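One structure below.
Where a number appears in this text, it was derived from the coordinates with a stated rule and is not lab data. Only a predicted model underlies this, so the values are computations on that prediction, with no experimental measurement involved. A quick note on method: Cβ atoms are made from the backbone with ideal geometry, for glycine too, and the neighbour counts reach across all protein chains shown.
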Ligand SMILES: Cc1ncc(C[n+]2csc(CCOP(=O)(O)OP(=O)(O)O)c2C)c(N)n1
Ligand SMILES: [Mg+2]
């Protein structure tokens, strides 16, 4: 006989869990007690939200399921933002929450919250375990659901008495969930139709999203693009799914996408969408999105298809499988002169690339934020794991760090959660102890989870936090500048902490960069430092992210740069 | 999407796991996405581990497609069929409590007879009649009862089943 808490930990080990991120409390005392005797390593974050983000960063960077754990009531509700973040970006994550005993549920007991009800719309599925006989099977199902199909977070609520109860149950060998059968192989008829459409187009473009990374389809995506020389753009979530240095790569598309990517999409006659969901940040004004293009949409989630944009050929299934089948189908037409098809089109595309490449102006005395990102890229040879916060820092990272490989950029795309970067970097470092992990942060965002510096120090996780300190909630300020007559309501962060002092107070190394010549030196020193580092780069305060598609405009109508030269 | 001009009314038959919380998953999917539920009925099936939900909703073709896909996405949903697209029969039941002392009792009995209804309760001043049928019949009956003075109405909402041998057997969910 074992108790529920022991069975719980045994199940986790069998699921391959080596680390969990969490924060203890009353109803999970038994579990924490047994954790001391387990092989699973527990990372104590200093806020449950950070535990969820860390598990998320662990998962995004490794491809494994991330696990976080919190007590009932406030512990559980503190996880909510982290769970929603993972949900929007299809991250496989399990959140275990303690709950008051089954006999107390519903009675407004101390630290009771209906976390199953609260998280219903932000989880792929969730469970309340009401009988210890269901515990092992529920955990098995939770992991299965989280990692299969379109992945996503699953929450398992564990009443205190479930952890205390004696049980003979064991981890079940198999899992079978009635009514849950994700489809992985594309419909052959649809694949044939898609191949025909591709062969009959002269201006095709590939638009790839996070699904490519989740399905590990980067290699196939490159092969697909090279087969017919199709120019390729990705979403924020897709960056790294196609090597940035590849000649067919156009950069990111959408609101802050490159001129070439947005023009190519807008003038295409065929979009091959792979694991992307036509988010409004990508399409801009929907009526003007790629008006002459037919659309082939490959996605594992049927509900992602024809949700925002009407699709001509939907193919439901796993991106990697479908790309393989699609290429096999295309190769049957061996008489086709592949590269001829897009020759003229590529000339046009290249002209757009030359016409308006990403650019910013360097100045002598003030650091440009883009410069910091470029320098981090150069000094890490494009091979670091990079997390971002949300705002301008995130967009500059997406634009100027050239991601070559998948699972290197960890960013909250769908929910846009400020404060994601530092805890996600901690999780990524736990999962990749030998990798260099950078958190490119905003001075606003970093303060939302800055307490996690102590977690990095305690567990000797040498994350490098580079704050692009513009003294503003920069992205919001940018909108105020452009659309609200420069009325900077509640976005000035002039009053801010001494970040170097904060770093030191936590026991991390702190460095301050004030002039362009500091940048390289500081980043090098950070890389050569064994422990966690905070780099506070004071950057040009009112630098904007360009190109920019104003809200409500079509994506070909970009603002390419500042309206007039600042004095 | 033009939602106004392209409204459709649909009866969905949804086979779900008979577990607590399932109904709230279905209902909150609708409320969370701004879809409309016109009526909803739920009860266990011949297999006690499964329940059948009959849900009447409306929306444009695009919205209905999303509803269908989103319902299928719920882990506890085993099968969704748009019964209104098939050859089907549907029924609803209503209980109507009306004013009905001795002076009108005979008229009430006659009215109930026309609608093949049953008087299921009577008191000195009131009378409760049960009628089953398609929506049109139910509406017509309620109309007729207005003249007696309706005190209270309870309707079940629609249930539906396809004609012929077809059943809503659990199986692989259509992609
Ligand atoms: C939790 C949360 N609150 C509010 C916002 C809205 N928001 C988006 S970007 C941004 C500014 C972020 O400022 P900072 O972290 O300094 O980044 P910067 O844009 O200056 O690089 C805000 C407030 C958000 N995305 N997340
Ligand atoms: Mg800022």
Per-selection metrics, segment A:1-84 (Cα): Rg and Dmax in Å = 12.4, 38
Inter-label distance, nm, simple model (7 Å from Cα along the C-beta direction), residue B:124/residue A:166 = 6.4
task = Hey, for a label at residue A:286 modelled as a point 7 Å past Cα toward Cβ, could you say which residues of segment A:514-553 have their backbone N under 17 Å away?
result = A:551-553
inquiry  = Per q in 0.12, 0.17, 0.19, 0.20 Å⁻¹, report the Debye log10 I(q)/I(0) for segment A:141-270, using one uniform scatterer on each alpha carbon and no solvent.
reply    = -0.65, -0.99, -1.14, -1.22
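Order A:493-502, B:51-60, A:264-273 from most to least packed using the mean count of other Cβ atoms within 10 Å.
Values: A:493-502: 14.6, B:51-60: 20.2, A:264-273: 24.0.
Ranking the peptides A:493-502, B:51-60, A:264-273 by packing returns A:264-273, B:51-60, A:493-502.
Would you mind giving the mean number of other chain beta-carbons within 10 Å of the Cβ of each residue in B:72-78, as a whole number? Let's see the in-between values first.
Values: counts 4, 9, 4, 13, 5, 3, 4.
If you average over the peptide's residues, the count of other-chain Cβ atoms is 6.
Which whole number in µm²/s is D for segment A:369-545 by Stokes-Einstein, with the Kirkwood Rh taken over Cα pairs at 25 °C and 0.890 mPa s?
Values: Rh = 15.9 Å.
Reported coefficient: 155 µm²/s.
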remark   = Computed D for the protein assembly as shown, Stokes-Einstein, Kirkwood radius over alpha-carbon pairs, 37 °C, 0.692 mPa s, to the nearest µm² per second, is 115
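Evaluated at 10 °C with a viscosity of 1.306 mPa s, what Stokes-Einstein diffusion coefficient in µm²/s does chain B have when Rh comes from the Kirkwood expression over alpha-carbon pairs? Write down the numbers at each step before the final one.
On the way: Rh = 18.0 Å.
D = 88 µm²/s.
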request  = Mind jotting down the distance between the C-alpha centroids of segment A:154-199 and segment A:434-450, whole Å?
outcome  = 33
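Suppose we keep just the DSSP beta bridges with both residues in the protein assembly as shown; what percent of those would be antiparallel, to 5? The partial results should precede the final answer.
Numbers: 47 of 112 bridges.
Beta bridges within the protein assembly as shown, antiparallel portion: roughly 40 percent.
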key: Degrees separating the helix B:102-114 axis from the principal Cα axis of chain B, which is the longest one   = 40
Per-selection metrics, segment A:314-425 (Cα): Rg and Dmax in Å = 19.5, 60
task = Using only Cα atoms, tell me the angle between helix B:135-146 and the longest principal axis of chain B; keep it within 0 to 90° and round to the nearest 10.
result = 30
task = Determine how many Å³ per residue the convex hull of the Cα atoms of segment A:2-167 encloses.
result = 91
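Of all the Cα-Cα pairs you can form in segment A:175-334, what percent are over 19 Å apart?
Values: 6214 of 12720 pairs.
For segment A:175-334, the share of Cα pairs beyond 19 Å comes to 49 percent.
How do A:477, B:125 rank when sorted from fewest to most other Cβ atoms within 10 Å of their own Cβ?
In increasing order of surrounding Cβ atoms, one gets B:125, A:477.
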Cα-based helix-to-principal-axis angle, B:22-32 vs chain B, degrees rounded to 10 = 80
query = What's the center-to-center distance, using Cα atoms, between segment A:7-49 and segment A:298-358 in Å?
reply = 44
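What ranking, highest mean first, results for peptides A:99-105, A:355-361 when packing means the other Cβ atoms within 10 Å averaged over each residue? Show your work: numbers first, answer last.
Numbers: A:99-105: 18.4, A:355-361: 13.9.
Final packing ranking: A:99-105, A:355-361.
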ask   = What is the log10 of I(q)/I(0) for segment B:107-175, computed with the Debye formula using one identical point scatterer on each Cα and no solvent, at q = 0.26 Å⁻¹?
value = -1.31
task = Would you mind giving the mean number of other chain beta-carbons within 10 Å of the Cβ of each residue in B:60-70, as a whole number?
result = 2
message = I'd like to compare A:246-256, A:339-349: which one has the highest average count of other Cβ atoms within 10 Å, and what's the full order after that?
response = A:246-256, A:339-349
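Using Cα-Cα distances under 8 Å and only pairs 6 or more residues apart, what relative contact order does segment A:369-545 have, in percent? Before the final figure, lay out each step's value.
Values: 355 pairs, mean separation 41.1, N = 177.
Value for segment A:369-545: 23 percent.
How shielded is A:204-212 by partner chains, expressed as the average number of their Cβ atoms within 10 Å of its Cβ atoms?
Values: counts 0, 0, 0, 0, 0, 0, 0, 0, 0.
Averaged over the peptide's residues, the number is 0.
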